[in-house]
Amino acid sequence: MDDITYPYTILFVEDEDMIRQNYVSYLKDYFQVVYEAQNAEDAFLIYKSKTPDIMIVDIHLPKMNGIELVRRIREKDYNTKVIMLTAFTDTKLLLDATSLQLTKYLVKPINRQELKDTLRLAINEIKSFTVTPNKNIALNDEYIWDIEIKELKYHNQIVELTYKEKSFLELLLSHKSRVFSHDEILEAVWGYDEIGTINSLKNLVKRLRKKLPEDTIVNLFNEGYKIKLQ
């Protein structure tokens with residue numbers, strides 16, 4: 001690929017240790033963060049906690065195959081880009097995958113050039129078709145979130161937000177259909193150097209709701225929070 005490090009996270013899911021280790025090592029040359037998993041269950045846990053931008057998933061995995069894994073992800077998320085790997089052209093499995101909006105499927109063994117081209121395609125899709133490349137996200141009642149400068153505006157007037165309020169809102173808007181758990185929010189907003197609590201999160205939400213249209217932040221009991229747009 002190009003001689004740059006891409007600012008995206010990637011998860012490589014493959015049960016064969018040697019193949020996984022080789023490709024994880026290769027991917028680390030081009031991506032800031034690379035996660036790995038040897039089965040679909042571990043991959044789904046990593047997906048839920050890390051929300052990678054791109055996933056490379058082998059179709060044949062123990063316990064749950066790659067299609068079932070991606071199907072679970074697609075219940076709430078069509079932003080994450082998925083590249084599917086298969087050892088042979090299994091027509092039935094590939095037909096099952098047609099509704100999953102894959103970036104591409106690759107038949108193993110995969111040559112590096114083909115993988116490079118497919119990763120470039122996934123990156124172009126991220127830039128063109130997901131939330132992050134757009135300059136603004138329209139909320140309800142003419143509120144606008146400016147992605148580039150991380151500002152909330154109402155009728156072109158800036159709504160003052162604290163750093164944590166911005167971080168929380170940015171997290172919810174990163175995957176508009178997804179429910180973020182309390183632990184995910186505490187980790188993203190408070191990080192490891194500062195201890196966040198459920199009460200501090202509730203207070204943050206209470207303050208932020210006063211600055212947003214009614215019902216923009218939705219609380220799902222015992223699950224977490226999500227954003228509700230127009």
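The values are calculated or read from the model by the stated rules, or taken from the named source; none is laboratory data. Predicted, not measured: the structure shown is a model, and the values here were computed from it. Please note: Cβ atoms are built from the backbone with ideal geometry, for glycine as well, and neighbour counts cover all protein chains shown.
Of note:
- Check on Ser174, of a type in the set (Ser, Thr, Tyr), buried (at least 17 other Cβ atoms within 10 Å of the Cβ) and touching a residue at least 40 places away in the same chain (Cβ under 8 Å): yes
- Put simply, of Ile198, Ile126 the only residue that is out of contact with any Pro (no Cβ under 6 Å at 6 or more places or on another chain) and either polar (S, T, N, Q) or in contact (Cβ under 8 Å) with a residue 24 or more places away in the chain (or both) is Ile126.
- Residue tally, condition modelled with pLDDT of 85 or more and either closer than 15 Å to Ile56 by Cα or of a type in the set (A, V, I, L, M) (or both), over region 126-148: 2
- For region 14-30, the criterion of being of a type in the set (Ser, Thr, Tyr), surrounded by 17 or more Cβ atoms within 10 Å (Cβ to Cβ) and at pLDDT 95 or above is met by no residue.
- Condition met for Phe168 (within 21 Å of Leu45 (Cβ to Cβ) and touching a residue at least 12 places away in the same chain (Cβ under 8 Å)): no
- Of the strands (runs of 3 or more DSSP E) entirely within region 137-216, those holding at least 1 residues that are of a type outside the set (Asp, Glu) and under 14 Å from Ile227 (Cβ atoms) occupy 143-146, 151-154.
- Every condition in (1) at pLDDT below 95; (2) crowded, with 20+ Cβ neighbours inside 10 Å; (3) out of contact with any Pro (no Cβ under 7 Å at 6 or more places or on another chain) holds for Arg74 except the one numbered (2).
- When residues in region 78-119 are screened for being within 24 Å of Thr51 (Cα to Cα), in a helix (DSSP H, G or I) and modelled with pLDDT of 85 or more, 5 of them pass.
- Any hit, region 50-62, residues being surrounded by fewer than 22 Cβ atoms within 10 Å (Cβ to Cβ) and under 15 Å from Val179 (Cα atoms): yes
- Filter result (of a type outside the set (A, V, I, L, M) and within 17 Å of Ala122 (Cα to Cα)) within region 1-22: Asp2, Thr5, Tyr6, Pro7, Tyr8, Thr9, Phe12
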